[in-house]
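First the structure, in the form of structure tokens, and then the observations on it.
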Amino acid sequence: MTFFTSPIPKMTKFINRALNKYGDAFLFGAVGRTPTITTNPDAETGIHTAVPHRYLNAYLTAIKSFLSYHADIAVYVHDDGSLREEDKVLIRKHLSGVRIIDRATADRTFAEKVSDEFLSKVRKSYTSYLKLFDPTLASTNKRIIIVDTDVLFLNRPETIIEWAQNGGSPWFHRSEPWRQAQPNQAPTSSTQPTATQPKHIQQMVLERLPDINQTLGTKYAFEQGFNSGFVGYDHGTVNYSELKELLAHLYTMLGDRIFRWGSEQTMHGLLLGGKGAMPLPTDEYMVYTDLNSDRAAHAKFVHFIGEYRYHRMLYPRLAAQVIRRLGH
């Protein structure tokens, strides 16, 4: 029986979906017993996260795992539209000084200040685009960090703390191959098409990147494995006029694909690649997969993404260790 016909992968996918949808309070709810951390709204760097209701406790675990090493930072929560009032009360209880950006308010602010119907349509097409558009508009800090909810900081991230304090080149984290290669076959990444999976927008853009740069007179670049779930750059790096020119051109090439999953990450990768962003070392700042699961506990940062999020249940087990550390 092959991997693709075995019931085990199907069961794993079912468990992943169930835990993603219903597991937040059960797996991460103990973070509610950890003490408040005081943040600094006036710090030179702000850390931004788009937070949905269903990942509220995972977010608190993630952000407090970072703040336990470095709390001299501004913290922004971008409501994806699903946060409840009691969620916001809980966030403020745990993160003193946090700024919560209400979704309806953010929508109005973007419409008034950016005043571009096409960009507003892109931004509203799916929630990940909030990571691309909203930190620049909301931030009053010199530098911006974006981090997702499904991460843990397991050891002191000296490189990130030094950058938050003193600045430097933009940076990002990236994934290694997701699956072991078969004989005479290249390792498989999450963006390569399969017989049942159409070509990812990232791959389509990369194939056309020389033409895009020639047409727009730009120097966009993209590094394979780029992940927008943990990136850092100076305020002003995301320029709405430049972004509109890029997105409008891609819309003429790819149509409605720019409104679908994967597009935000692709745009982020192009913009930061064009600014010379540096990749973080993958053994220290890791996207969790089956291939690196034995090394994850020793990393500084782990991003538990996609089909391997609950592989070996390492994510909740490490989260429990983090929560115990936060409680001391």
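The values are calculated or read from the model by the stated rules, or taken from the named source; none is laboratory data. As the structure is a computational prediction, the values presented were derived from the model and not from experiment. Positions of Cβ are generated from backbone atoms using ideal geometry, with glycine treated the same way; all protein chains shown enter the neighbour counts.
Whenever a residue of the range 110-123 is under 19 Å from residue 264 (Cβ atoms) and outside any loop (DSSP other than H, G, I, E, B), its partners that are at pLDDT 95 or above and β-branched (Val, Ile, Thr), lying with C-beta atoms within less than 8 angstrom and at least six residues away or across chains, give the pairs 120/114; 122/258. Of note, residue 57 does not satisfy the criterion of being under 24 Å from residue 322 (Cα atoms), of a type outside the set (A, V, I, L, M, F, W, C), modelled with pLDDT under 95 and part of a helix (DSSP H, G or I). The combined condition, being of a type in the set (Asp, Glu) and surrounded by 15 or more Cβ atoms within 10 Å (Cβ to Cβ), is fulfilled by residue 79.
Just one of the listed residues (289, 282, 237, 218) is over 30 Å from residue 24 (Cβ atoms), touching a strand residue (DSSP E or B) at 6+ places or on another chain (Cβ under 9 Å) and outside any helix (DSSP H, G or I), and it is 237. Restricted to the range 270-307, and to residues there that are polar (S, T, N, Q) and farther than 21 Å from residue 168 by Cβ, the residue that is nearest to the chain's Cα centre (by Cα) is 289.
Determine if the range 141-156 includes at least one residue that is in contact with a helix residue (DSSP H, G or I) (Cβ under 7 Å, 6 or more places away or on another chain), assigned to a helix (DSSP H, G or I) and in contact (Cβ under 8 Å) with a residue 60 or more places away in the chain. No, the range 141-156 has no match at all. If you filter the range 245-275 down to residues that are of a type in the set (Gly, Ala, Ser), out of contact with any strand residue (DSSP E or B) (no Cβ under 7 Å at 6 or more places or on another chain) and under 15 Å from residue 213 (Cα atoms), you find that the one that is surrounded by the most Cβ atoms within 10 Å (Cβ to Cβ) is 273.
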